[in-house]
Structures are given as structure tokens and as C-alpha cells.
Amino acid sequence: MEIKAALQAREEIVWLNEKKDSTVNDSKELSAAAVAEAEARLQRFAPVIEHYFPETQRTGGIIESPLKEVPQLKAKLNADYGANIRGRLFIKMDSNLAVAGSVKARGGIYEVLKHTEDLALAAGIISGTDDDYLKLTSEAARSFFRKQKMQVGSTGNLGLSIGIMSAALGYEAIIHMSADAKEWKKALLWQKGATVVEYAGDYGEAVKQGRLQSAADKSSYFVDDENSRDLFLGYATAGKRLESQLEAEGIAVGDDCPLFVYIPCGVGGAPGGITLGLRQIFGRNVHCFFAEPQESPCMLLGMATGLGNSISVQDVGLTGKTQADGLACGRASGLSCRVMANELAGIFTVRDGELTDYLHTLWRSEEIFIEPSSCAAIKGAVQIGTNDICQKYLVQNGLAEKIDKAVHIIWATGGSFVPQEIRDELLA
Ligand SMILES: *Cc1c(COP(=O)(O)O)cnc(C)c1O
């Protein structure tokens, strides 16, 4: 198989998804109605979020990030990388999402809240979805949650979001961390009251162990990054939120104003959910691309071979090791591979060395700091206007003549929690 050989040879790859179609799948389990329900649930929990995380007072307990136009970055990428970016360039600052400091504040926190609502309704802590959700912060509710466990396997950021949110609500949080997880992320979790279990193995191993241990315990709930519908729905709520932010910028995405979105990809849940949410809003006029490290392109491998989660990057001789700790996943989410089959435009691979270059470039041009995993998204903006395969995509989709009116979004997925000394090291 050609793609396997190219991956093995560590070639720089731009893969186009030939199965993408112009209509959006509205499968029952992940329908636009289900995403709207998720958004309504986040609204119901807003007073609880505001109660535990006063930094969300400004937004009334809604966790959302700014959309920032970055003209200096555009100029710098065009000048230094010959990027030929046409149209407007923005960064979606999920790197600065409150509570978790990463994109995982969308999916991870949503799933904790969903489970909390289910438990609280069943136990009669709240009488219905129109009850006062602040009851969930009462001492009685907290002592109920203290007897419940929340577990997850993670390379770091998902663990942070689940650990911080569930510990705040009163749960016993147990976070199974892969060898790739950064020390500061583990330390922060301990400090927030979660228990961290460390594994010498990779992300797949941490997930497997967490899943096993949780299954053996009736009072435990496992957030399953490889299969979770709720995580996906939480991420997908980004679609409507972004639509309002674009409107505020005077942008109406449409046939004459295409939207290009570049998202870093690990196991595929976060970028998959966001893509689904965007496609439900913008349909054929949004073009979503993922970016993955050269040593762990698990979604590319799963989607291009059609083998989904039954193949790992190690199976084709890659190490799965990368400085982009948030993307160090050797095996893709089967759910994401299935849901993305007709939605995703394509996938880029990126070398670790380039991530550091982009990190510096973004800092020097805009004084924005994001973590290395996040920087993978910048690769998309660099490739779209220059790479031959991308040009083919533009022509095939009738976009070449509209590109001057295009809007490009680099989805920054993490960074605001990175401690100063680590920032200094990365920027040195
Ligand atoms: C988790 C994460 C991603 C990718 O999300 P997946 O669901 O693993 O694909 C990207 N960037 C950062 C910083 C992350 O933490």
C-alpha cells in the first residue's frame, strides 16, 4: 500500500479524502439536534461552572475562547515560508479556554457534566432539567459525588480537563497517564486533588488500563477517548459558537467566502467533533484539515487505509514518539474515523522540528504562546496556498478563484497552562 510506504519513509504528506461529499451526514447519534442538546446542557451547568471557576464570571459560566485575527503571522508566514496565504487569517484560541487550558475543556468537561446530570437526576439531587443546578454544589451533593469515581486515560490535556472538573464537583478523580505526559501536567493534577497513575507505556496502554480498572468498579465512570459519543458532542458545540464569532467579524461564510480550518489531531476526537460541528453549520463551504506529527499520524493511517482503529502507527514502523505530547496517539478513534469518512477534507503531516519553528514564529509575530501540539495547525496554513495537492483540491472544489475572499482558521488547541519556565525553554 502506497500510503504506508510514504509514511514509513517519513515523507511529508498531504492526504486528500476522496470520500468527502458536499452533504453533511446527520446520523442519529451525532445529529445537529444532539449537538444542540449538548449546548443546552452546557447552558444549564453555567451557574455551576461559574460557582467553581470564578474566572468564567465574565462569560456567565460559559467556557469559550476568542477568535483572533493574526495579520502579522500571515505576513511572516508569507515572507519566511513562502506560504502564499490569501484572504484573512485567524487563530481560534482554545489554547486559552478556561478551567483546562486546552481544547479538552470542550469535550472533557462536557462529558463530566453529562454524567453528573445523569447521576444527579437518578439520585434525586435535582428533580429535572429545569431545577436549580446550584443544588449540585451543596454539601449533600458533594458527599454523594465523593463516593463516585471518574477515570480517564490520557497523554495529559484530557486528564487535566477531566481531573480538574471532576475534582471540583467532588468526585474521586483517577487519571491514567501515558509515558508521554509532561511532568507539569501530572503535578498540576495532584495539586487539584486528582490521583495520577503513571504508565511506562504509550497512550493506548494508559487507556486500556484505565478502562479495565474502571469496569471492575460499579461506582466508577470511564471517559473513553477512543469511543465516546459525549466527548464528540461536547467538541461539536464549537460550531455554533464560531459562527457567532465570525459574524461579529463581519464574515458570512458562503459560496463566495469559503472557510478553511486547520486542527491538530491526536486520537481524532477533538478535531473530529469540531469538524462535525462546523460541517453541520457551514456545510460544503467549510474545509477542515487535520495536522498530525510525522511519527504518529494515526488518523491519516486509519482513514487512508480504511482500517480505522485496527491499525497502529507502530504497525508500519513509526515510533509514535513526538514532542507534540497531545498528539502522541498510535491508534485512531474508530468513532472519529467513521464519522469523518465523508466530512474531512484532508490531513497534513508535520515534523517535530517545524513545530518549534512555528512556535517561535507565532511568538515573534503576534506574542501568542501555544504549546507544540497546537503548532501543528500552522502547517495547514503554510501548505494550502503552495502545495500541489492542495492546489488540486482548490481547483476540484471550484475554490481557486475565491481564495482571495477565503477565511483561514488555525485552531490553537493548548498552551495557556504551560508554566513559565517551560515556555522559556521552548522559546529559547
Ligand atoms: C488532545 C489534543 C489535541 C487533539 O485531540 P484528539 O482528540 O486527541 O485528537 C490537539 N492538541 C492538543 C493540545 C491536545 O491536547
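The values are calculated or read from the model by the stated rules, or taken from the named source; none is laboratory data. These figures come from a predicted structure and were not determined experimentally. Glycine gets a Cβ as well: all are built from the backbone with ideal geometry, and neighbour counts include every protein chain shown. The protein model used for the area step is the full one, side chains on, heavy atoms only, and it has no ligands, DNA or RNA in it. Shrake-Rupley method; radii C 1.70, N 1.55, O 1.52, S 1.80 Å.
For residues that are part of a loop (DSSP other than H, G, I, E, B) and not acidic (Asp, Glu), tally how many sit in region 178-231.
The first filter runs over region 178-231 and keeps only residues part of a loop (DSSP other than H, G, I, E, B), leaving 178-182, 192-194, 199-202, 216-219, 224-228.
Going one step further and asking which of them are not acidic (Asp, Glu), we end up with 178-179, 181-182, 192-194, 199-201, 216, 218-219, 227-228.
Number of matching residues: 15.
Report the residue count in region 221-273 for those that are among the aliphatic types (A, V, I, L, M), over 13 Å from the mean Cα position of the chain (by Cα) and more than 30 Å from residue 209 (Cα to Cα).
Looking only at region 221-273, we keep the residues that are among the aliphatic types (A, V, I, L, M), and these are 223, 231, 233, 236, 238, 242, 246, 248, 251-253, 259, 261, 263, 267, 270.
Next cut, over 13 Å from the mean Cα position of the chain (by Cα) only: 223, 242, 246, 248, 251-253, 259.
The next check asks that each one be more than 30 Å from residue 209 (Cα to Cα); those that pass are 242, 246, 248, 251-253, 259.
Counting residues in region 221-273 that are among the aliphatic types (A, V, I, L, M), over 13 Å from the mean Cα position of the chain (by Cα) and more than 30 Å from residue 209 (Cα to Cα) gives 7.
Only one of (1) crowded, with 18+ Cβ neighbours inside 10 Å; (2) among the hydrophobic types (A, V, I, L, M, F, W, C); (3) under 16 Å from residue 262 (Cβ atoms) is not met by residue 389, so which one is it?
Of the numbered conditions (1) crowded, with 18+ Cβ neighbours inside 10 Å; (2) among the hydrophobic types (A, V, I, L, M, F, W, C); (3) under 16 Å from residue 262 (Cβ atoms), the odd one out for residue 389 is (1).
Pick from 98, 141: which is surrounded by 17 or more Cβ atoms within 10 Å (Cβ to Cβ), farther than 21 Å from residue 221 by Cα and either without any contact (Cβ under 8 Å) to a residue 24 or more places away in the chain or not basic (Lys, Arg) (or both)? Steps first, answer last, please.
On the way: 141 fails: farther than 21 Å from residue 221 by Cα.
98 is the lone residue from the list that is surrounded by 17 or more Cβ atoms within 10 Å (Cβ to Cβ), farther than 21 Å from residue 221 by Cα and either without any contact (Cβ under 8 Å) to a residue 24 or more places away in the chain or not basic (Lys, Arg) (or both).
What number goes with the only condition from (1) out of contact with any helix residue (DSSP H, G or I) (no Cβ under 6 Å at 6 or more places or on another chain); (2) within 16 Å of the ligand (Cβ to nearest atom); (3) within 29 Å of residue 112 (Cα to Cα) that residue 288 does not pass?
Looking at each condition in turn, residue 288 falls short on (1).
Tell me, please, whether a residue that is open to solvent by 10 Å² or more (accessible area, probe 1.4 Å), in contact (Cβ under 8 Å) with a residue 40 or more places away in the chain and touching a Lys or Arg at 6+ places or on another chain (Cβ under 6 Å) can be found in region 202-209.
Yes, there is a match, as at least one residue in region 202-209 is open to solvent by 10 Å² or more (accessible area, probe 1.4 Å), in contact (Cβ under 8 Å) with a residue 40 or more places away in the chain and touching a Lys or Arg at 6+ places or on another chain (Cβ under 6 Å).
Could you tell me which of the residues 134, 189, 231, 160 is within 22 Å of residue 50 (Cβ to Cβ) and within 15 Å of the ligand (Cβ to nearest atom)? Walk me through how you get there before you give the answer.
Details: 134 fails: within 15 Å of the ligand (Cβ to nearest atom); 189 fails: within 22 Å of residue 50 (Cβ to Cβ); 231 fails: within 22 Å of residue 50 (Cβ to Cβ).
None of the others qualify; the one that does is 160.
So which helices (runs of 4 or more DSSP H) stay within region 232-348 end to end and still have 3 or more residues that are surrounded by fewer than 20 Cβ atoms within 10 Å (Cβ to Cβ)? Don't jump to the end; show me each part of the working.
Values: elements: 238-248, 269-282, 298-305, 334-340.
Those helices (runs of 4 or more DSSP H) span 238-248.
Return only the number of the condition from (1) in contact with a Gly (Cβ under 9 Å, 6 or more places away or on another chain); (2) under 29 Å from residue 161 (Cβ atoms) that residue 405 does not satisfy.
Of everything listed in (1) in contact with a Gly (Cβ under 9 Å, 6 or more places away or on another chain); (2) under 29 Å from residue 161 (Cβ atoms), residue 405 misses just condition (2).
What are the residue pairs meeting all of these: first residue in region 145-160, first residue without any contact (Cβ under 8 Å) to a residue 40 or more places away in the chain, second residue away from the ligand (no atom under 16 Å from the Cβ), Cβ atoms under 6 Å, and 6 or more apart or on different chains?
Partner pairs satisfying both residue conditions: 145/169; 145/170; 145/171; 146/170.
Return the residues of region 101-123 that are among the hydrophobic types (A, V, I, L, M, F, W, C), away from the ligand (no atom under 16 Å from the Cβ) and open to solvent by less than 30 Å² (accessible area, probe 1.4 Å); say none if nothing qualifies.
113, 120
Sort through 254, 268, 277 and tell me the only one that's away from the ligand (no atom under 16 Å from the Cβ), in contact with a helix residue (DSSP H, G or I) (Cβ under 7 Å, 6 or more places away or on another chain) and among the small types (Gly, Ala, Ser).
On the way: 268 fails: away from the ligand (no atom under 16 Å from the Cβ); 277 fails: away from the ligand (no atom under 16 Å from the Cβ).
The conditions single out 254.
Give the residues of region 144-156 that are open to solvent by less than 50 Å² (accessible area, probe 1.4 Å) and not aromatic (Phe, Trp, Tyr), sorted by residue number.
Within region 144-156, the subset open to solvent by less than 50 Å² (accessible area, probe 1.4 Å) is 145, 148-156.
Selection gives 148, 149, 150, 151, 152, 153, 154, 155, 156.
If residue 322 satisfies every condition in (1) on the phi < 0 side of the Ramachandran plot; (2) at pLDDT 95 or above; (3) within 16 Å of the ligand (Cβ to nearest atom) but one, which is the exception?
(2)
Among (1) in a loop (DSSP other than H, G, I, E, B); (2) within 12 Å of the ligand (Cβ to nearest atom), there is one condition residue 153 misses while meeting the rest; what is its number?
(1)
Looking at (1) modelled with pLDDT of 95 or more; (2) touching a strand residue (DSSP E or B) at 6+ places or on another chain (Cβ under 6 Å); (3) within 22 Å of residue 416 (Cα to Cα), which one does residue 191 not meet, given that it meets all the others?
It fails just one condition, (2).
Only one of these is open to solvent by less than 10 Å² (accessible area, probe 1.4 Å), over 20 Å from residue 206 (Cα atoms) and assigned to a strand (DSSP E or B): 91, 126, 175. Name it. Steps first, answer last, please.
Working: 126 fails: assigned to a strand (DSSP E or B); 175 fails: over 20 Å from residue 206 (Cα atoms).
Unique residue meeting the criteria: 91.
In region 393-416, which residues are under 25 Å from the mean Cα position of the chain (by Cα) and crowded, with 19+ Cβ neighbours inside 10 Å? Talk me through it step by step, then tell me what you get.
So the first thing to find is which residues in region 393-416 are under 25 Å from the mean Cα position of the chain (by Cα), and the list is 393, 406-416.
Matches in region 393-416: 393, 406, 407, 408, 409, 410, 411, 412, 413, 414, 415.
Kindly indicate whether any position in region 358-371 is under 20 Å from residue 155 (Cα atoms), of a type outside the set (Asp, Glu), within 12 Å of the ligand (Cβ to nearest atom) and at pLDDT below 95.
no
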